[in-house]
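Chemist: I am attaching a structure below and will ask some questions about it afterwards.
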Amino acid sequence: MERTISEVTGHSLPIVIVGHVDHGKSTLIGRLLYDTGSLPEDKIEEIKIASQQAGRELEFSFAMDHLEEERQRGITIDIAQTFFNSSKRQYVIIDAPGHKEFLKNMITGSSQAEAALLLIDVFEGIMDQTRRHSFILSLLGLRQIAVIVNKMDMVDYSKERFDAISTEITQILKQLNITPSYIIPISAKHGSNVAKPDERLRWFNGPTILEALDNFETLVVEEKPLRFPVQDVYDIDGKKIIVGRIEAGRIKKGEELFILPKGEKTKVLSIEKFNEEGLERTETGECIGMCIDKPAVRGDVIVKQTSGGHEKDYKVTKSIHANIFWMGDNTYHKGDSLTFRCATQEVEGRIGNIYRRFDPATIEVVEKDAREIKAAEIAEVEIALSRPVAVDSFIEIPEMGRFVIEDKGHPVAGGIIL
């Protein structure tokens with residue numbers, strides 16, 4: 001039975017599914033959608049027709065690989081997002097491609113996730129892409145990770161084969177300071193241990209994938225300190241209205257706030273929304289207008305002191321310690337100018353220190369204390385800015401902890417603040 005969002009309690013959880021090509025990501029996602037009643041009847045019929053035309057059995061991967069090119073080539077090319085509901089909450093699935101040439105897209109997708117499923121084909125075993133994706137997940141700071149050992153039907157649901165894969169991947173993840181929350185044997189094709197247990201896996205005492213996902217925690221940014229990046233300032237009937245999206249926390253009429261980076265105190269005079277009057281408070285995720293008693297400009301960040309006034313729970317800095325993913329075609333040389341963009345903030349700067357640069361294909365440190373970053377490399381860096389910005393660590397408030405680096409107006413890197 002298909003559920004509606006209103007029937008699901010709790011916050012939605014964005015998850016990313018990564019793994020070597022052909023290890024079954026799209027099939028797993030299609031199976032999750034099918035087994036949770038999240039596919040409408042017309043979509044199921046479309047999948048049946050597409051499967052027949054391709055000369056295959058019911059192919060659940062077609063639920064995600066909806067492009068004709070992908071059906072013909074049998075691979076997932078671009079990032080797709082879809083949704084399904086459990087009895088606990090809604091999930092946002094970020095299906096990240098596994099091919100090396102699509103690594104840029106995979107990183108972009110993963111950076112939005114709060115949890116991850118790392119998929120391994122029990123028959124083929126751990127591949128280079130498995131190691132690469134594990135490395136990316138560790139750099140993104142993801143700690144809610146379940147390892148999914150797929151295609152157990154191909155090894156006759158062998159506990160011995162599963163145990164061998166479990167031991168190997170545990171050792172690999174340990175080197176990256178990751179302890180998987182679960183390691184789960186499944187057959188996505190047959191639905192074994194996806195949403196329901198399977199008698200053929202009776203030797204496994206752990207959860208199904210759906211149960212494991214329900215045990216993960218969501219990042220409740222509503223309970224985090226207020227973060228309101230100013231998008232613009234409008235003059236309407238003589239009133240200066242600052243507009244933007246509340247990225248964390250809440251705003252109440254009449255309360256005292258601070259304008260960053262200058263740290264000036266201000267007061268909320270009114271909260272403005274189209275065709276709504278007399279608003280007293282707002283919530284995370286709302287796009288609002290607000291009148292305050294001090295001037296603000298685009299790029300300012302409005303915050304609220306929530307720790308008793310003794311210790312600041314926000315950070316204003318000219319130095320950013322981060323992991324970045326260099327996506328530009330040209331090599332970056334230490335000290336070259338760049339533009340740092342975080343939320344609505346835009347500041348000129350340069351990379352002052354390149355502590356380490358990595359080859360994501362081998363998970364090896366290419367160089368320490370480097371002087372350059374090449375295309376498709378990952379680096380741990382210190383970015384020196386020309387003026388202060390208000391930021392948070394990525395794991396605390398994601399929208400204030402991720403950023404883009406531009407060169408002459410073109411994006412060349414993405415990063416997360418450590």
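The values are calculated or read from the model by the stated rules, or taken from the named source; none is laboratory data. Since this is a predicted model, take the numbers as computed values, not measurements. Here Cβ is always computed from backbone atoms with ideal geometry, including for glycine, and neighbour counts include all displayed protein chains.
Chemist: In region 249-262, is there at least one residue being at pLDDT below 95, of a type in the set (G, A, S) and crowded, with 18+ Cβ neighbours inside 10 Å?
Modeler: yes
Chemist: Then there's this: For region 144-167, which positions are surrounded by fewer than 17 Cβ atoms within 10 Å (Cβ to Cβ), out of contact with any helix residue (DSSP H, G or I) (no Cβ under 8 Å at 6 or more places or on another chain) and either among the aliphatic types (A, V, I, L, M) or in a loop (DSSP other than H, G, I, E, B) (or both)?
Modeler: The answer is M154, D156, A164.
Chemist: Something else: Having 2 or more residues that are of a type outside the set (A, V, I, L, M, F, W, C) and under 27 Å from S393 (Cα atoms) is the bar; report the strands (runs of 3 or more DSSP E) wholly within region 245-308 that clear it.
Modeler: Details: elements: 256-260, 264-273, 276-279, 287-292, 301-303.
Of the strands (runs of 3 or more DSSP E) lying wholly inside region 245-308, those with at least 2 residues that are of a type outside the set (A, V, I, L, M, F, W, C) and under 27 Å from S393 (Cα atoms) span 264-273.
Chemist: Any residue at all in region 61-72 that is outside any loop (DSSP other than H, G, I, E, B), modelled with pLDDT of 85 or more and touching a strand residue (DSSP E or B) at 6+ places or on another chain (Cβ under 9 Å)? Break it down stepwise before answering.
Modeler: Of region 61-72, the ones outside any loop (DSSP other than H, G, I, E, B) are 61-63, 68-72.
The next check asks that each one be modelled with pLDDT of 85 or more; those that pass are none.
Checked region 61-72: no residue is outside any loop (DSSP other than H, G, I, E, B), modelled with pLDDT of 85 or more and touching a strand residue (DSSP E or B) at 6+ places or on another chain (Cβ under 9 Å).
Every residue, every condition in (1) surrounded by 13 or more Cβ atoms within 10 Å (Cβ to Cβ); (2) assigned by TED's automatic domain parsing to the domain that holds I259; (3) of a type in the set (A, V, I, L, M, F, W, C), yes or no:
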| site | (1), (2), (3) |
| --- | --- |
| E276 | no, yes, no |
| G285 | no, yes, no |
| K294 | yes, yes, no |
| G299 | yes, yes, no |
| I324 | yes, no, yes |
| G335 | no, no, no |
| L338 | yes, no, yes |
| R350 | yes, no, no |
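Chemist: For G125, which of the numbered conditions (1) assigned to a helix (DSSP H, G or I); (2) surrounded by fewer than 20 Cβ atoms within 10 Å (Cβ to Cβ); (3) not basic (K, R) fails to hold?
Modeler: That leaves (1) as the condition not met.
Chemist: Sticking with this one: Scan R227, R202 and give me the residue that is outside the structural domain of V391 (by TED's automatic domain parsing) and in contact with a helix residue (DSSP H, G or I) (Cβ under 7 Å, 6 or more places away or on another chain).
Modeler: Values: R202 fails: in contact with a helix residue (DSSP H, G or I) (Cβ under 7 Å, 6 or more places away or on another chain).
The match here is R227.
Chemist: Restricting to region 379-418, name every residue that is in a strand (DSSP E or B), among the aliphatic types (A, V, I, L, M) and crowded, with 22+ Cβ neighbours inside 10 Å.
Modeler: Matches in region 379-418: A379, V381, I383, V389, A390, V391, I405, A413, I417.
Chemist: For region 212-231, does any single residue satisfy the condition of being at pLDDT 95 or above, assigned to a loop (DSSP other than H, G, I, E, B), out of contact with any Ser or Thr (no Cβ under 8 Å at 6 or more places or on another chain) and surrounded by 21 or more Cβ atoms within 10 Å (Cβ to Cβ)?
Modeler: no
Chemist: So R31 passes all but one of these: (1) in a helix (DSSP H, G or I); (2) at pLDDT below 70. Which condition number does it fail?
Modeler: (2)
Chemist: Is region 326-336 home to any residue that is touching a helix residue (DSSP H, G or I) at 6+ places or on another chain (Cβ under 6 Å), under 16 Å from A379 (Cα atoms) and in a loop (DSSP other than H, G, I, E, B)?
Modeler: Yes: region 326-336 contains one or more residues that are touching a helix residue (DSSP H, G or I) at 6+ places or on another chain (Cβ under 6 Å), under 16 Å from A379 (Cα atoms) and in a loop (DSSP other than H, G, I, E, B).
Chemist: Now for a separate question. Taking region 168-192, which residues are touching a residue at least 40 places away in the same chain (Cβ under 8 Å) and assigned to a loop (DSSP other than H, G, I, E, B)? First the steps, then the outcome.
Modeler: Within region 168-192, the subset touching a residue at least 40 places away in the same chain (Cβ under 8 Å) is 168-169, 172, 176, 178, 180, 185-186, 188-189, 191-192.
L176, I178, P180, I186, A188, K189, G191, listed by residue number.
Chemist: Being touching a helix residue (DSSP H, G or I) at 6+ places or on another chain (Cβ under 6 Å), modelled with pLDDT of 80 or more and farther than 15 Å from E168 by Cα is the filter here, so list the residues in region 115-143 that pass it.
Modeler: A116
Chemist: Would you mention how many residues in region 338-378 are more than 27 Å from I242 (Cα to Cα), part of a strand (DSSP E or B), in contact (Cβ under 8 Å) with a residue 40 or more places away in the chain and not acidic (D, E)? Walk me through it before giving the result.
Modeler: Within region 338-378, the first condition is being more than 27 Å from I242 (Cα to Cα), and the residues that meet it are 338, 350-378.
Adding the requirement that they be part of a strand (DSSP E or B) leaves 338, 350-359, 364-370, 372-373, 378.
Add one more test, that the residue is in contact (Cβ under 8 Å) with a residue 40 or more places away in the chain, and what stays is 338, 358, 372-373, 378.
Remaining after also requiring not acidic (D, E): 338, 358, 373, 378.
Of the residues in that region, 4 qualify.
Chemist: Go through (1) among the polar types (S, T, N, Q); (2) at pLDDT below 90; (3) buried (at least 18 other Cβ atoms within 10 Å of the Cβ) and name the single condition N177 misses.
Modeler: The single condition N177 does not satisfy is (3).
Chemist: Would you mind stating whether R402 is within 13 Å of I324 (Cβ to Cβ) and touching a strand residue (DSSP E or B) at 6+ places or on another chain (Cβ under 7 Å)?
Modeler: So R402 fits the description; yes.
Chemist: Give me the residue from region 199-211 that is free of Cβ contacts under 8 Å to residues at least 40 places away in the same chain, surrounded by fewer than 21 Cβ atoms within 10 Å (Cβ to Cβ) and assigned to a loop (DSSP other than H, G, I, E, B) and, out of that set, nearest to the chain's Cα centre (by Cα).
Modeler: P207
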